[in-house]
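Just below is one structure, and these are the notes that go with it.
The values are calculated or read from the model by the stated rules, or taken from the named source; none is laboratory data. Being a predicted model, the structure only gives us computed values, none of them experimental. Positions of Cβ are generated from backbone atoms using ideal geometry, with glycine treated the same way; all protein chains shown enter the neighbour counts.
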Amino acid sequence: MKTLIQKDLRENFKVAVIGLLFFSVLLLQAYQSCLAVLTGLLNRTMSVQVNNLQPLLATNLLIETAFLCAIFGAALGWLQTRNEAHRDLWAFLIHRPVTRTEIFLSKVIAGLSLYVLGAGLPMVVLLAVVRMPGHVAAPFEWAMVLPLVSIFLAGIVFYFAGLLTGLRQARWFVSRSFGLGLAIAAMLSLFSLPEFWQMLIVLTVAAAVLATAVWGAYQSGGFYRGQPLAGRLALGLAMTAGCGTALLVGIGLFSTLVLYPLTNRSLDYSAYQMTRAGTICQVTWRDNEIVSAVDLAGHPLLNPHTGEKIEFKELQKQFAYGGTVVSGMNHPRENQNNYQNDTRFFTLLNCTDKVLWYLDRHGKLIGFDGRTRKFIGTLEPPSDGGTVTREPFLRQHNGYFYYNSYNDVSRKLLPTAKTIYLVDFKERSVAPLFTVTNKEVIGGYEGDLAGYRENSRNAILITTRKTIRLVDTAGSVLFTVPYQPADTEYPQVQFTFLQPTNGSINHFALWFYPDSETNRMAGWKMPIHALWLGPDQTVTQSADLPFLNREGSTSWPDQMTATLLPPALHLTVDPKITSVWNLAGLALAFVYALVGWWLARRYHFTTQTRVGWTLFIFLFGLVGLLALLCTEEWPMRETCPQCKKLRVVDRESCEHCASPFLPPEVTGTEIFAPLTKA
Amino acid sequence: MNEKSVIQTHGLTKYFGRKPAVYELNLEVPRGCVFAFLGRNGSGKTTTIRMLMGLVQPTRGAGTILGHDIRSLTPEIRARIGYLTEEHQLYSWMNVKECGEFQAKFHAKWNDKIYRGVVGHFGLKPTATVKDLSRGERAGLCLALTLAPQPELLMLDDPGLGLDPVARRALVESMIFLTRKSDRTIFFSSHHLSDVERVADYIAVFDRSVLRASCPLEKFQESVQQMRLRFPGAPPALPKIPGLLQAIRTENELRVTCVRANGETEKILRGLAPLEMEAVPLGLEDAFISYLGERGEKTFILSELEGQP
C-alpha cells in the first residue's frame, strides 16, 4: 500500500502545487481586501461592509474559498482516477496483488494528503498571519476558524465526488458526474446551517456516502453490478442527490426562462401605513412603486386640499416615521447567527480616532488601533461596587446595520440587562443613561429614530416585558405605556411620530406585530394591534387590523414545478397537505413508483430489490425514478426460443420458462479434442 | 474442479450492449502447457482474458483460474498470475528502473536477474522514461515486469503486438525458458502464427464470439485439410460437403478446404470427375486463415474484379 501511496503522491504532486498556488493567491488577495476595508474605514473614504474586517469570516473569502475547494477537490479526485482510465493501465493497477480496498485506501490517503498540501497549507498560513498581533484589527477566537474548516472539509466531499465521477462506468455519460450533486448540496448547506456541528454531520454523511460509493466502484471496476451491498446503496443515494440537484437546476431554469415570463409575474406587496395625521391606510407596492392606497374601508385616499384621489408622491410626503424595536436583547453568547457570520462573534460599534470598537460575544467592548492593528484594551460597564462580576453588555437580536457612519447615537448606546449606557469613545468612558426598575429587564431599545421633528433623534424607545418607554438623551422619561399584548406573542413594536397638535410632542402611535411563526401556526388570524397616544400619554384610540395574509402567495409555476419534487418536499412549498398541488404531487409519485415497479419487473430484479426501489421512488418521486435509471444497469433482452418471451441475458436461464440459453450453433467445422500432451 | 486445469470456464458470456462479445464459452486449460488463444480482431479474445483476470464482470456463466472464482480473485491468486496487457500501458512518468522497483515491491518472488536480463535484451536504459520508449521497447519492459515475479500462470494478451521479429523471437525464447518447469502455464493470444507454431501445445480458436476449436496444435493442423482438384475446363458446381470451410474456384482448378476430411469427402470430390486430385499440406497459418476466413465457395478477390470497367 505504501508503494501505491508513493506512486499516487508523485503522480499528482503537480496538481497539488497548482492548487497551492491558486489558494495562496486567493487568500493573499482576500487578506489584502480586508486591509483595504480597514483603510477605507479609517479614512472614511467609503461606506464599508464591516464584516470584511476579520479575514477568517470575510464573506468574499469564504465564498471564493468554497468555490476553489470544490473545484480543486473535484479536479484532484477526477485526475487521480483519469490517469488510470485507459483499460490496460487500469488492469495494471488492479492486478497488483493487494485487495481493492487497499488500492482505494492508498488512493484516498494520497489524494487527501495532496489536498491538505494544496488547500490546507495556505489556510494554515493565513491563520498564522491572522493570529500574529499587528496584522488584523479585529477580535479573534478559535471558533472563527470553523467556517474555513468546514469549507476545507466540504472540499473533501468534492474530492470523493471527483473520484466517483472518474470511476463510474455509466452508460449514460452525464450521470457519471451526478456524484457531484451530493457534494454541491453539502456545500450549499454550509451557508445555511447555523452550527458547525450540524455542518460536520452533513459533511460526514455526504463524505461517507461518496467514499462508500467510490470504494464500491473500486470493487467492481466502476460498475453497479458486482458491488457489495453497501457500495450499491451508497451509489444509489449519491445518484439520488445528483438527480435531485440536476432536477432542481432544470426546474429553476425552466421556471425562470419559460414559466415566469408566461405568467408575467410581478411581486405585489401590501402593508399598513400611517399618515402624519394618524390615519391608517393600506398601501400596495409593485417594484418599489405604490400602485394603490386605500383606507380601511377600501376607499381610495383623497387629497385633503383638492378632494380628489391623492397622488402617490403626495401620499409619500404624508407618511409618518419612527422606529421599530424587537424585543429580544440577548446575552451576547446567545446570539444565534450562523457560525460563519462575524456577528456571532463581534459587532463593530464605532470607529473614533482611528480606534475600532467592537462589542464581542462576551459583552465587552474591545478596542483595536486601526493604524497598528493591535489590541489596545476593553471598555466595560462600571462596577456597581458590590459585585465582583460585571454585567455584560447585551446585543440586539438582529445585529446592527452594516452601513453606518458610526456617529449615530445608537452606536453610542449600549444596554445591559438593567441599564442603558452612553459610551464616550473619545474619553473611553461608560456612563449610565437610564435604568429600569428592579423587577424589569430590558427587552429591546432603539435610539436611531427617524422622524420629521428636529428632536426625534434625541429620543430612545426602550421596551421591557411590562412597559414601553420613550426617554430622551438626558434619561428623562417622555412616556410610559404598558406592553400589551404580551411580548411573547407580539415581540415587535413599531412606533410612529404623528403631526404635533396643540404644541405637544407626546403625540404618536404604537403598533404591535405578532410573531410570524406563532401567527402562521394560528392560521394567520392574529391581528396587528395599533394604538394612538394623546398629548397626556393616554390611549386615545386603538384598533386591531387583520394581518395581511401572505399565504397563497406562491405562484402556480412554483406549485406546478414543486410537484416534480419528492412528495415530502411539496409541503415546504405548500403546507396544506390536502391542497390540489400536494395531491397532484402524491399522485405523480404513485405513477413514478408504478413505472419503477414495471421497469424492475421487466428486467426481472429480485422481489426484494423491486419492492425496495418502488418504495424509494414513491418517497423521492421523480428524483427516485431518475436515480433508478442512472444507477441500475439494464441488460440486453432477447426472445426466448422456448417461450417466445423477452428474457434478460444476464441470467443462467429464462426467467419465464427456466429453459437454459442455447449453446452456440454447430457449424460442423468445430475441432475439439482432449487436451493431453502427446 | 479439475486440479490439472489452471483455467476452466462454463457458459462464460459477455454482452456489450446488444452484442455478445463472448458467447457460452466452455474452456479448459491444462496446467504446465503453452496455450494459444487465436481469433480474428474483435472475436472476443481480449474480453475473455479480461474476464478471466476479474477485470470485466461476465454477463453470465462462471469460471475459475488457479482454482478460484474469477469474480473474486484474491491478492494471493493475483500474485501467482503474470498479466501482460494488450497495449503495454505503464505509468508514463516512470523510468525503467522505477517500473522495476514499483513492481518488485508487490512480489515476494521478484527475480531482479530476470528483470535486468529481459530489459537488457531489449536494450532499455534504466533511466529511460516510459513515455520516451517505442512501442516495442514498452512491450519489452512490460514483458520483463511480467516475467520477473516468476508467476505460475502467465496471461499474455497479444504479447508480440508491436515487436519486431528479433524482439518477438526473444519473447518466444522467454516463454520457452519460463515453461522449462513443468508447473508453469502460459496462456496467450496472438496473431503471429509462426510464434504460436513454435511454442504452443494447445490452441483455442475463437470465431465471432464463439469458441470453435480447442485441441492440441497438431490436431488442429491435421484436421484442416485442403484438396486441389484440376479439371479440363471450368470446375463443376460443388455438392454439399460436410465440414467445408472454403472452396476457391479458378479457371480450371478447385481448392477445397474442409475439416476432418475422410473417405466420404474424397468420394464426393471424386464424383466431380477431376483430372487430378491431390492433398495440399497446410501450415498453421494457412489452416488458420482457411478456418477463420469467409465460409463457402468463392473465387479470388481480384478475379471478381476482372471484366469490370
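Just one of the listed residues (A:Gln54, A:Gln80) is closer than 30 Å to B:Cys99 by Cβ, in contact (Cβ under 8 Å) with a residue 24 or more places away in the chain and buried (at least 20 other Cβ atoms within 10 Å of the Cβ), namely A:Gln80. Is the stretch B:233-241 home to any residue that is outside any loop (DSSP other than H, G, I, E, B) and either within 11 Å of chain A (Cβ to nearest Cβ) or touching a Lys or Arg at 6+ places or on another chain (Cβ under 6 Å) (or both)? No, the stretch B:233-241 contains no residue that is outside any loop (DSSP other than H, G, I, E, B) and either within 11 Å of chain A (Cβ to nearest Cβ) or touching a Lys or Arg at 6+ places or on another chain (Cβ under 6 Å) (or both). Taking the residues in the stretch B:242-261 that are part of a loop (DSSP other than H, G, I, E, B) and more than 13 Å from chain A (Cβ to nearest Cβ) as candidates, determine which candidate is surrounded by the fewest Cβ atoms within 10 Å (Cβ to Cβ). Within the stretch B:242-261, the match that is surrounded by the fewest Cβ atoms within 10 Å (Cβ to Cβ) is B:Glu251.
On inspection, B:Arg180 does not qualify as more than 28 Å from B:Thr85 (Cα to Cα) and either modelled with pLDDT under 85 or aromatic (Phe, Trp, Tyr) (or both). Restricting to the stretch B:75-118, name every residue that is loosely packed, with under 15 Cβ neighbours inside 10 Å and either under 22 Å from the mean Cα position of the chain (by Cα) or among the hydroxyl-bearing types (Ser, Thr, Tyr) (or both). Selection gives B:Ser92 alone.
Contact map, the stretch B:264-292: residues that are charged (D, E, K, R) paired with residues that are crowded, with 18+ Cβ neighbours inside 10 Å, Cβ distance under 6 Å, separation 6+ or inter-chain. Pairs shown: B:Glu285/B:Leu193.
Among the residues of the stretch A:1-46, the one identified as under 30 Å from the mean Cα position of the chain (by Cα) and either within 11 Å of chain B (Cβ to nearest Cβ) or assigned to a loop (DSSP other than H, G, I, E, B) (or both) is A:Met46. Within the stretch B:139-167, the residues that satisfy the criterion of being surrounded by fewer than 21 Cβ atoms within 10 Å (Cβ to Cβ) and either more than 25 Å from B:Lys4 (Cα to Cα) or not assigned by TED's automatic domain parsing to the domain that holds B:Thr48 (or both) are B:Leu161, B:Gly162, B:Asp164, B:Pro165, B:Val166, B:Ala167. The set of residues in the stretch A:50-106 being under 30 Å from B:Pro75 (Cβ atoms) and charged (D, E, K, R) consists of A:Arg82, A:Glu84, A:Arg87, A:Asp88, A:Arg96, A:Arg100, A:Glu102. Take the conditions surrounded by fewer than 18 Cβ atoms within 10 Å (Cβ to Cβ) and in contact (Cβ under 8 Å) with a residue 40 or more places away in the chain and apply them to A:Leu545. Does it pass? Here the answer is yes, as A:Leu545 does meet what is asked. Within the stretch B:18-56, restricting attention to residues that are in a helix (DSSP H, G or I) and more than 10 Å from chain A (Cβ to nearest Cβ), the residue that is nearest to B:Arg208 (Cα to Cα) is B:Lys45. Hey, does the stretch A:612-623 have a residue that's within 14 Å of chain B (Cβ to nearest Cβ), in a loop (DSSP other than H, G, I, E, B) and not hydrophobic (A, V, I, L, M, F, W, C)? No, the stretch A:612-623 contains no residue that is within 14 Å of chain B (Cβ to nearest Cβ), in a loop (DSSP other than H, G, I, E, B) and not hydrophobic (A, V, I, L, M, F, W, C).
Whether any residue in the stretch A:92-108 is of a type in the set (Ser, Thr, Tyr), away from every other protein chain (no Cβ under 14 Å) and touching a residue at least 40 places away in the same chain (Cβ under 8 Å) is what I want to check. Scanning the stretch A:92-108, I find no residue that is of a type in the set (Ser, Thr, Tyr), away from every other protein chain (no Cβ under 14 Å) and touching a residue at least 40 places away in the same chain (Cβ under 8 Å), so the answer is no.
Put simply, of B:Gly100, B:Gly82 the only residue that is modelled with pLDDT of 90 or more, within 11 Å of chain A (Cβ to nearest Cβ) and closer than 25 Å to B:Arg50 by Cα is B:Gly82. Among the residues here, A:Leu662 qualifies as in a loop (DSSP other than H, G, I, E, B), exposed (fewer than 14 other Cβ atoms within 10 Å of the Cβ), at the interface with chain B (Cβ under 9 Å from one of its Cβ atoms) and among the hydrophobic types (A, V, I, L, M, F, W, C). A residue that is closer than 30 Å to B:Phe288 by Cβ, at pLDDT 85 or above, at the interface with chain B (Cβ under 7 Å from one of its Cβ atoms) and assigned to a loop (DSSP other than H, G, I, E, B) occurs nowhere in the stretch A:632-647.
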